[in-house]
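Structure first, then comments.
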Amino acid sequence: MSVTIHNVDNIASAEFIERLVANTLEIEKVIAPKSSGYEPDVARILGCSDKRARYWDMIDEFGVKYEIKKGQYHIICNAVRYSEMLLSTNLEATEPSITILIITKGNKRITTIILVESKRLIDAMKITPEDAHYHIDRFAKLRETGLSWNSQILLSLPVLQNFFDL
């Protein structure tokens with residue numbers, strides 16, 4: 001199995017990367033059959049606490065927060081959530097975190113893992129403060145009416161590779 005791991009700007013510790021490399025096959029086994037809900041299993045495999053919040057899925061023994069995102073060839077990002085981070089709309093949105101982007105082939109085999117500071121994804125998605133206000137305002141307006149709105153941005157592997165010079 002050949003998995004490419006990119007630790008953008010060396011954001012994650014060497015110890016965490018070693019754990020990730022050593023457990024890639026086990027992670028693959030728990031994420032392959034699921035489109036969501038795999039985060040507690042990945043946290044357990046990596047020795048992290050399953051302490052999910054709006055902006056992260058797990059916390060390691062040093063208090064580092066991680067979000068886990070998986071996709072085939074691309075990653076789907078919630079524009080509202082990243083807009084909240086950009087505008088620091090609440091205390092949790094200001095906390096630093098690392099996003100683990102897991103790219104799979106055929107939704108089964110992990111081909112690429114990218115670790116990146118979560119807020120750097122805002123730039124990759126090209127969300128401006130004006131865009132952020134729109135996403136947040138639209139979400140709130142529809143929520144008041146009982147409707148929901150899912151604003152998504154897809155980041156393909158080539159876009160991520162180009163943006164982060166991988």
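The values are calculated or read from the model by the stated rules, or taken from the named source; none is laboratory data. Note that the structure is predicted; figures quoted are calculated from it, not measured. Cβ: placed from backbone, ideal geometry, glycine included. Neighbour counts: every protein chain shown.
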**Asked** Can you name the condition, by its number, that G71 falls short on among (1) within 23 Å of E92 (Cβ to Cβ); (2) touching a Ser or Thr at 6+ places or on another chain (Cβ under 9 Å)?
**Response** (1)
**Message:** I'm checking my understanding of the structure. Among residues of the range 102-117 that are crowded, with 17+ Cβ neighbours inside 10 Å and in contact with a helix residue (DSSP H, G or I) (Cβ under 7 Å, 6 or more places away or on another chain), which one is nearest to V21 (Cα to Cα)?
**Reply:** I113
**Request:** Can you work out which of the residues in the range 32-55 that are within 14 Å of the chain's Cα centre (by Cα) and outside any loop (DSSP other than H, G, I, E, B) is farthest from A12 (Cα to Cα)?
**Result:** A53
**Prompt:** In this structure, does L91 turn out to be surrounded by fewer than 19 Cβ atoms within 10 Å (Cβ to Cβ) and either at pLDDT below 95 or touching a Cys at 6+ places or on another chain (Cβ under 6 Å) (or both)?
**Reply:** yes
